[in-house]
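A short worksheet on the structure shown next.
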Amino acid sequence: MKILVAGATGNTGLRLVSELCERGHEPIALVRSSSDTENLPKGVTQREGDLTDLEDDVTKGYEVVIFAAGSGGDTGPEMTDKVDRDGAISLIDIAERTGVRRFVMLSSVGADDPDPDSELAHYLEAKHAADERLKSSSLEYAILRPVALTDDGPTGSVRLGDDVDPKGKAARGDVAVLLADAAEQDEWVGAIRLMETVG
């Protein structure tokens, strides 16, 4: 499948693009003009685009879109809104208009009901808004909500569901595998799954 990946040059996105390549798909990396693309797998197609100012046809011709982008922990509330909320919603809007079949969202534990007293409250509110827009769309959707991310590779040992420890850890390698699964598998359609790495 031709799969557009937003956030392809990030810590999780790079793992995801490699995973999709290994599975025989054709990932297209959505990158800003200033993005460091040297770590993308050789030969991966790049599509220039900025989540804060997307072109109206940025998703045209793709079967699946995966949103694995984030404004990053060092940015303020304004950029969180522009990328994690508005950028994601804009990409969903465009995906609906251009015939995309499935949209996979990398969200976060706590995004279902953001705690206003949490230090991540603003981020979780942004993710909540994006998730709600996706759920109300006409697209096939899957939402993955991992706990705190580590830079570990795939372990193959994950827990999905309501018994996930909110204070646990999730390996980015495992997250990448599950995002790729969500792009492929019908059992993920309409699913919202909490996730942690165990063992």
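Applied to the stretch 82-89, the Karplus parametrisation 6.51 cos²θ - 1.76 cosθ + 1.60 on θ = phi - 60° returns per-residue 3J(HN,Hα) values of 5, 9, 6, 9, 5, x, 5, 5 Hz, with x for Gly and Pro. This ranking places Asp53, Asp84, Asp93 by how few other beta-carbon atoms lie within 10 Å of each, fewest first, which gives Asp53, Asp93, Asp84. Taking the DSSP beta bridges with both ends in the chain, the antiparallel portion is around 10 percent.
Of all aspartates and glutamates in the structure, those lying under 13 Å Cα to Cα from Lys135, and not within fewer than 8 positions of it along the same chain, are Asp93, Glu96, Asp112.
Give, rounded to the nearest 20 debye, the magnitude of the charge dipole that the stretch 2-197 has about its Cα centre when Lys and Arg contribute +1 at Cβ and Asp and Glu contribute -1 at Cβ.
On the way: 21 positive and 39 negative charges, 108 e Å.
In total the dipole reaches around 520 debye.
Volume per residue for the chain equals 112 cubic angstrom (convex hull of Cα atoms).
When the helices in the chain are scored as -39500 (n - 2.57) per DSSP H run of 4 or longer and the sum is shared across all residues, what 222 nm value do you end up with, to the nearest 500 deg cm²/dmol? Write down the numbers at each step before the final one.
Details: 5 runs with 54 residues, N = 199.
My calculation for the chain gives -8000 deg cm²/dmol from helical runs alone.
Once the other residues with Cβ under 9 Å from the Cβ of Asp131 are scored (Lys, Arg +1; Asp, Glu -1), what is the net sum?
Local charge sum for Asp131: +2.
Taking a ≥ b ≥ c as the square roots of the eigenvalues of the alpha carbon gyration tensor, the stretch 31-86 is oblate, as a/c is not under 1.5 and a/b does not beat b/c. Working note: Karplus 6.51/-1.76/1.60 with θ = phi - 60° gives the stretch 134-142 the couplings 5, 4, 8, 7, 8, 7, 5, 9, 9 Hz, where Gly and Pro are set to x.
Of Lys127/Lys167; Lys2/Lys60; Lys82/Lys167; Lys42/Lys82; Lys2/Lys169; Lys82/Lys127, which pairs sit farther than 22 Å apart, going by alpha carbon to alpha carbon?
Lys82/Lys167; Lys42/Lys82; Lys2/Lys169
Quick note: the coordinates plus some simple rules give every number you see, no bench work behind them. Since the model is a prediction, treat every value here as computed from it, not as a measurement. Note: ideal-geometry Cβ built from the backbone for every residue, glycine included; neighbour counts use all protein chains shown.
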